[in-house]
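All remarks here apply to the structure that follows.
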Amino acid sequence: MKTRIKELRARYDLTQEDLAKRVGVRRETILFLEKGKYNPSLKLAYDVAKALKTTIDELFIFEDDQNG
Amino acid sequence: MKDIKGILLGLGIVAAVIVTLSFYVLNAGNIELDEIFPIGIVLILIGSAMYILWDRIKNVKKGLPAQDERLKLTNYKACSYGFIASIWSAVGAPLLSGILFDYEMPGHYVTAVVVLCGGLTFMVSYLYLAWKGK
């Protein structure tokens, strides 16, 4: 899974900590989301998308598992 | 408020463990070599617990939550690994001690192994999973 969190965060001039405060999570969670290392719950995905004034499908890019 | 209560509870537990360990060490007289190993594990557990609490305090001071959904998930995973390690050590410790050293392990030793094994597995897996972000 890829995300556009970093790109949108830069657009709104937000630090990881600012976004974490808006969403109500720890800064490391934003870092792992940006790196695509953590799959968020639907609620967290919605909260992050709302904080970045976008939608979930624009924020998270899901790649089909070709082996699955 | 809930975060602060959790941190205070954690600090209380760490303080109680330190006091208990201090009483044990002060009254034990000469500490034998086989006692140093479990004391070392307890010290590692205390150190790790203090690190986790410090990390939570740092986040609360910044206005961030002490625990979020990722850390709750990490906590559940680490708890289940600790539980599995406890179960296996309860069976494996007396068995291995019998096979390797031909020594029948007393019940209180098995209890200590179960607690320390479970605790150490929980701490190691918690810190690893929190660091990896999984």
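Please treat every number below as a calculation from the coordinates, not as lab data. If you're wondering where the values come from, they're calculated on a predicted model, not measured in any experiment. Cβ placement follows ideal geometry from the backbone for every residue including glycine, while neighbour counts extend to all protein chains displayed.
Descriptive notes on the structure:
- Set A:Y46, A:Y12: member being over 10 Å from the mean Cα position of the chain (by Cα) and farther than 21 Å from B:I52 by Cα: A:Y12
- Filtered residues of the range A:3-22 (kept if under 18 Å from B:K58 (Cα atoms) and of a type outside the set (S, T, Y)): A:Q16, A:E17, A:D18, A:L19, A:A20, A:K21, A:R22
- Residue in the range B:69-79 that is free of Cβ contacts under 8 Å to residues at least 24 places away in the same chain, surrounded by fewer than 18 Cβ atoms within 10 Å (Cβ to Cβ), closer than 30 Å to A:R22 by Cβ and among the aliphatic types (A, V, I, L, M) present: yes
- Residues that are touching a Ser or Thr at 6+ places or on another chain (Cβ under 9 Å) and charged (D, E, K, R), drawn from the range B:51-75: B:D68, B:E69, B:R70
- Filtered residues of the range B:87-134 (kept if among the hydroxyl-bearing types (S, T, Y), surrounded by fewer than 18 Cβ atoms within 10 Å (Cβ to Cβ) and away from every other protein chain (no Cβ under 14 Å)): B:S97, B:Y103, B:Y109, B:T111
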